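Working notes, beginning with the structure itself.
The values are calculated or read from the model by the stated rules, or taken from the named source; none is laboratory data. Keep in mind it's a predicted model, so treat the numbers as computed, not measured. Methodologically, a virtual Cβ is constructed for each residue, glycine included, from the backbone with ideal geometry; neighbour enumeration extends over all protein chains shown.
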Amino acid sequence: MLMEKPWLAHYPEDVPRTLSYPEETLHQILYRSAQKYPDHPAIVFFGNKLTYQELVGQVDRLATALHKLGVQKQDRVALFLPNCPQSVIAYYAALRLGAIVVQVNPLYVERELKYQLEDAGAEVLIALDLLYPRVYNIQETTPLKQVIVTSIKDYLPFPLSQLYFFKQLKERHRMRARREEKALYWTDLIKESPPIPPNIEVRPQDIALLQYTGGTTGVSKGVVLTHRNLLVNAIQARSWIARLRDGEERVLAVLPFFHVFGMTVAMNMAIYAGFSMILLPRFEVTRVLKVIDKYKPTFFPGVPTMYVAINNYPKLQQYDLSSLKFCLSGAAPLPLEVLEKFETITGSRLVEGYGLTEASPVTHCNPIWGLRKPGSMGIPLPDTEAKVVDTGTGADLPVGEIGELVIKGPQVMQGYWRHSQETEQVLKDGWLFTGDLAKRDEDGYFYIIDRKKDMIIAGGFNIYPREVEEVLYEHPKILEAAVAGIPDPYRGETVKAFVVLKKGQEATEGEILDFCRKNLAAYKVPTCVEFRDQLPKTLVGKVLRRALLEG
């Protein structure tokens, strides 16, 4: 077994090599936690607290309302919400009825919103009032039958709720749907509906979620994930943080729930373990530091850009961050310099993991209380298999060779929604072909080299952007960096660097290129540098290389 899975030798003593998974659904896990910890805060939102018992009451009321509106098993219910109590309540209420949740990115413009609603066939949408104008403009051209509108102020404590209301008036953010026939209002439905939803038979193998891929390349596709897929991944993630205690920990939930990373590690896992979720609608570094100082979260899953922002905050010493025990970074490569500085500042453990939407998403992580390898995405989670294969033949590759990362495990998706051909391309004999180039060392630790499609081929040489970016991050004046391939009449492609300098720093293109020449083989050195005020990213911190090149 260890020969086939050498990573098992590096599992901490308190992490099982294999796990048992209950034959339950996601919403059943919520009800179980409410029975165990009825008076424990499930949600903390700008000072307002909802206990697990109160959360279940709100879920049941909304489930009753949705059922009265005609929502049936396997209907698609779309959520157009940031992190707020409503996003948690709506998620579990839809699942309670056996409906399929469709998470929609609040940054989507009308065209993107319309495409996703049509592709999913969503007939019900729950939206934040500030986002409703986008819905209003396309509502008649989509499958939508019902739209429910809610406001951030609906769950703010007094006097914040009143201050928010007057702020909206001042900024003229009047909700167009206040009493229009085209929308229903959340508070009315909650008030008028008793907490007695019908008992719908929902099975672990039923579809729970259509999670659309980011659409950073090509057409966005819905990843089909079942209750079992998502619950298994929450339990796998929970097993990895074995020293944290059920019913006692507090999660800083600033990773968006509409992204599967946030949904799994900051919501589903938190609910499974009876943790408190400290919700923030978006990442603003000052607000995050104030919340850590005041509410003392113990677990902070995030992305590298969040940790970079905290590391470089000018008045960091004003805030007490010592409550943090463990932080998990995903979605993008974590530079070693960022990790070391963050751990020095906070005293917590920060580890890098790996996942993708098609795997619910987490598949690998560095051990928290064990051997961590800088630059590695870690080792497979319990019951997860991984290997590296030749990109042409699909044959298994030996230790140290670069090929495509393929993964097998109970968290792997069922396929792409209504895209059978694409499903066949990535799911083969139970193995998920990730599209990521990787290598494995003799201990079973995996290293992402780059996306297959991001690899730069210059004069016949393969150049991996991440390797160049790691060098750029070592430059003392650089805050953020990304590289991409641009056309070159002689080499086919050449490397272009995009950099953001630290506040108050100045640097020339020549200075950056000289630094690269000292640290990279000649063919990997960028031929030009573009200075930017910021890099275009998705909401979870992935740099949009296509946007860099188009911009």
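Here is how the numbers come out for the structure above:
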{"read-out": "The range 534-548 residues that are under 20 Å from Pro361 (Cα atoms), paired with ones that are of a type in the set (Ser, Thr, Tyr) and outside any loop (DSSP other than H, G, I, E, B) (beta carbon under 6 Å, 6 or more apart)", "value": "Gly541/Thr305"}
{"read-out": "When residues of the range 370-393 are limited to those that are surrounded by fewer than 18 Cβ atoms within 10 Å (Cβ to Cβ) and of a type in the set (Asp, Glu), the one farthest from Glu340 (Cα to Cα)", "value": "Asp390"}
{"read-out": "Every residue from the range 342-357 that is outside any strand (DSSP E or B), touching a helix residue (DSSP H, G or I) at 6+ places or on another chain (Cβ under 7 Å) and at pLDDT 95 or above", "value": "Phe342, Ile345"}
{"read-out": "Positions within the range 109-145 being of a type in the set (Val, Ile, Thr) and either within 20 Å of Ala90 (Cα to Cα) or buried (at least 22 other Cβ atoms within 10 Å of the Cβ) (or both), in sequence order", "value": "Val124, Ile126, Val135"}
{"read-out": "Condition check for Ile271: in contact with a strand residue (DSSP E or B) (Cβ under 8 Å, 6 or more places away or on another chain), part of a strand (DSSP E or B) and either crowded, with 23+ Cβ neighbours inside 10 Å or in contact (Cβ under 8 Å) with a residue 12 or more places away in the chain (or both)", "value": "no"}
{"read-out": "Unique residue being at pLDDT below 95 and farther than 22 Å from Met263 by Cβ when the list is Gly400, Gly435, Gly375", "value": "Gly375"}
{"read-out": "Per-region count, the range 248-268, residues touching a Ser or Thr at 6+ places or on another chain (Cβ under 7 Å) and either surrounded by fewer than 24 Cβ atoms within 10 Å (Cβ to Cβ) or basic (Lys, Arg) (or both)", "value": "2"}
{"read-out": "Gly247 vs. criteria of a type outside the set (A, V, I, L, M), modelled with pLDDT of 95 or more and outside any helix (DSSP H, G or I)", "value": "yes"}
{"read-out": "Given (1) out of contact with any Phe, Trp or Tyr (no Cβ under 7 Å at 6 or more places or on another chain); (2) buried (at least 18 other Cβ atoms within 10 Å of the Cβ); (3) modelled with pLDDT of 95 or more; (4) of a type in the set (Ser, Thr, Tyr), number of the condition Tyr212 does not satisfy", "value": "(3)"}
{"read-out": "Which numbered condition Leu513 fails, given (1) part of a loop (DSSP other than H, G, I, E, B); (2) more than 32 Å from the chain's Cα centre (by Cα)", "value": "(1)"}
